[in-house]
Amino acid sequence: MIQKVYDWLDERLDLSPIWRDIADHEVPEHVNPAHHFSAFVYCFGGLTFFTVVIQILSGMFLAMFYAPDIVNAFNSVKYLQTEVSFGYIVRGMHHWGASVVIVMLFLHTLRVFFTGAYKAPREMNWVVGVLLFAVILGLGFTGYLLPWDNKAYFATKVGLQIAEVVPVLGPYVKHFLAGGDIVGAETITRFFAIHVFFLPAILLLLLGVHFILIRRQGIAGPL
Amino acid sequence: MAHERNKNDVKYVGDSRVKVRKEKLYPKPYSEYPGKTEPFFPNFLLKEWMAAVVFLGAFMVLVVSHPAPLEATPADPNDTSYIPLPDWYFLFLYQFLKYFPSGTAVWGAVIIPGFFALLFLLAPWLDRKPDRRPSKRPIATSLMLIVVAGIVFLTYEAVVQHKAQVEAMEASAAQHAQQAAPAPAPQDQGTTATFDPEAAYMQSCSACHGQDLAGTAAAPSLIALNLTVDEVVDIITNGRSGSQGVMPPGMFSGTEEQKKQLAEWVLSHQ
Ligand code: HEM
């Protein structure tokens, strides 16, 4: 039955080449931890992606409870944390995942750096990687404000004061992010929108490019 | 039209008019490398998912055993005594900035970090010899090691300094409370008119229960207690030991009347 449905679709959409391309590519020995244990360093990129998936899924559930305004934000988080069954697990996954993603990203970057994998022809994938790093840091910064307790509030205030130091652009950047002169009602809606719409969209786009380039160029050969 | 093209001359991509490029930049296929290559799916992925399971297991243990922190009250923009702390992965930048006096902040916030970020972004063009082994790229390798060590050091310093700052703040708040309180009253004077329960709390109780009454690692929150004034007075006089630790007796040595006022003040935080 499933085979028939698949055949029907494949006849029209030519599905096989798409998934066979993903499934059949060769994994060389030097990146396979089953052959050389030290090759686990090549897992960090995959684990980063895995954590990004955790962030997206747990974030979608957080968004079902979160109210992005200064009156309700804190209380909605508190409600989720203390009242909703498994709420603290969903929030915990997103909270700790945000740190784990940075750790994994850092390890992945070091792996790529120390194996010299950014050299020709992979320069552009390194650049895409650096942009990914910036996007993840941006997600961390904007997400930190959302629980709207003192820790969140004052860290954001300091962050925006630092942004203001940038010559020429600084005050505009600050004004754009804060949505006004103070960290307040308009800041939280902005940070929310940036955190759940703008940056994830850019993240997924960059990840797509990152993975397509890896498939095109293959992983760098053994040292 | 298409059949008029001279098929031997030019090749096109699919049915488009885009010419196929002759030379590809792609690296040589893995079949040319020695060793045991295997297909991504099923061979590789059906073994490697184990790594993901172990990772997820450890992650969920962390999540369940360490609930995500949330302070007891919403943000209070007027709280001038709050010492801000960015998330840990920004601490090195935050700390770095502290070494720059206010007039030169632009160096610490923008110019120097920006310079390093640019080096990082342009690494493939700065380090362009084909050698890939770290030992054959001494400049790149040592620069990265120094930067990583610097980040670790700055993060550590930031944490240490933040701790010291919080302790100093608490000590000065306690001192402040001592000065504000009418001389830790010789007990019989009972000058209830000038007794300030808040100051007494800051002096005698805040070290364990927190300045905002929200509790600390040492003692539970005192907000929204379900106790009577007499019960709290009893706890202040005789202490208490229970599931959340031990509160020694005699933490506050005022008159009975002052204890009552302190208890009332504590219970007013609902
Ligand atoms: C969300 C962030 C990221 C994800 C999910 C991700 C994922 C991956 C994956 C799965 C691979 C395959 C090889 C491996 O796992 O080690 C890879 C390769 C690569 N990544 Fe990333 N990456 C991310 C960020 C970065 C960053 C920040 C950089 C560098 C600044 C980077 C640079 C590269 C390069 C150059 C390769 C090719 C390595 C080679 O051919 O050996 N990536 N990435």
inquiry  = If I fit a long axis through the Cα atoms of helix A:123-145 and take the longest principal axis of the Cα atoms of chain A, what angle between them do I get, 0 to 90°, rounded to 10?
reply    = 30 degrees
ask   = Using a ≥ b ≥ c from the Cα gyration tensor of chain B (square roots of the eigenvalues), is it rounded, prolate or oblate, where a/c under 1.5 gives rounded and otherwise the larger of a/b and b/c decides, a/b for prolate?
value = prolate
inquiry  = With a 1.4 Å probe and all protein chains left in place, how much accessible area per residue does the stretch A:105-161 have, in Å²?
reply    = 30 Å²
query = What is the sum of charges around B:Asn78, taking Lys and Arg as +1, Asp and Glu as -1, for the other residues whose C-beta is under 15 Å from the C-beta of B:Asn78?
reply = -3
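Using the heavy atoms of the protein chains alone and a 1.4 angstrom probe, what is the accessible area of chain B per residue in square angstrom?
That works out to 67 Å² per residue.
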ask   = Considering every residue in B:120-127, what mean count of other chain Cβ atoms within 10 Å of its Cβ is obtained?
value = 6
ask   = Remind me, relative contact order of chain A in percent, using alpha carbon pairs under 8 angstrom and six or more residues apart?
value = 19 percent
ask   = So, in nm, how far is label A:Asp69 from label B:Val61 when the simple model puts each one 7 Å beyond its Cα toward the Cβ?
value = 4.4 nm
remark   = Cα-Cα longer than 21 Å, checked against A:Lys151/A:Lys174; A:Lys174/B:Lys163; A:Lys119/B:Lys47, kept in input order, equals A:Lys174/B:Lys163; A:Lys119/B:Lys47
With Cα atoms, 0 to 90° folded angle of helix A:44-63 axis to chain A main axis = 40 degrees
inquiry  = Need the full-extension length gain, A:Ile202 to A:Leu107, defined as separation in residues times 0.36 nm minus the C-alpha distance. One decimal, nm.
reply    = 32.0 nm
ask   = How many angstrom separate the Cα center of the stretch A:112-128 from the Cα center of the stretch B:76-147?
value = 20 Å
query = Can you give the Kirkwood hydrodynamic radius for chain A, in Å, rounded to one decimal and based on Cα pairs?
reply = 20.2 Å
note = The extension gain from B:Ala149 to B:Ile112, computed as 0.36 nm times the residue separation minus the Cα-Cα distance, is 11.7 nm
inquiry  = Give the average, rounded to an integer, of partner chain Cβ atoms located within 10 angstrom of each Cβ in A:96-105.
reply    = 3
ask   = In chain B, which helices (entire DSSP H runs) extend 20 Å or more along their own long axis, judged by Cα positions, while averaging at least 1.6 on the Kyte-Doolittle scale?
value = B:45-65
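Determine, from the Cβ-Cβ distance of A:Asp10 and A:Ala193 and an R0 of 30 Å, the FRET efficiency 1/(1 + (r/R0)^6), rounded to the nearest 0.05.
With R0 = 30 Å, the Cβ-Cβ based efficiency is 0.15.
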query = For the pair A:Asp181 and A:Val209, how long in nm is the line joining their label points, each one 7 Å along Cα→Cβ?
reply = 3.9 nm
key: Spacing of the two label points (7 Å from each Cα toward its C-beta) at B:Ile223 and B:Tyr156, in nm   = 3.6 nm
key: Neighbour count of at most 15 Cβ within 10 Å plus DSSP loop: longest trypsin sites (Lys or Arg not before Pro)-free window in chain B   = B:129-270
message = For the stretch A:6-78 and the stretch A:156-211, what is the centre-to-centre distance using only Cα atoms, to the nearest Å?
response = 25 Å
remark   = So for R0 = 60 Å, FRET eff. of B:Ser142-B:Glu198 from the Cβ-Cβ r, to 0.05, ends up at 0.60
request  = Just read off the accessible area of B:Ser135 with the full protein assembly in place, 1.4 Å probe, to the nearest 10 Å².
outcome  = 100 Å²
message = Need one word for the stretch B:197-267: rounded, prolate or oblate. Basis is the Cα gyration tensor (sqrt eigenvalues a ≥ b ≥ c); a/c below 1.5 gives rounded, then a/b vs b/c decides.
response = rounded
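The values are calculated or read from the model by the stated rules, or taken from the named source; none is laboratory data. Fair warning: this is a prediction, and the values are worked out from it, not measured in the lab. Using ideal geometry, Cβ is built from the backbone for each residue, glycine included, and neighbour counts are taken over all protein chains shown. Quick note on the areas: whole protein, heavy atoms, side chains included, nothing else; ligands and nucleic acids left out. Shrake-Rupley method; radii C 1.70, N 1.55, O 1.52, S 1.80 Å.
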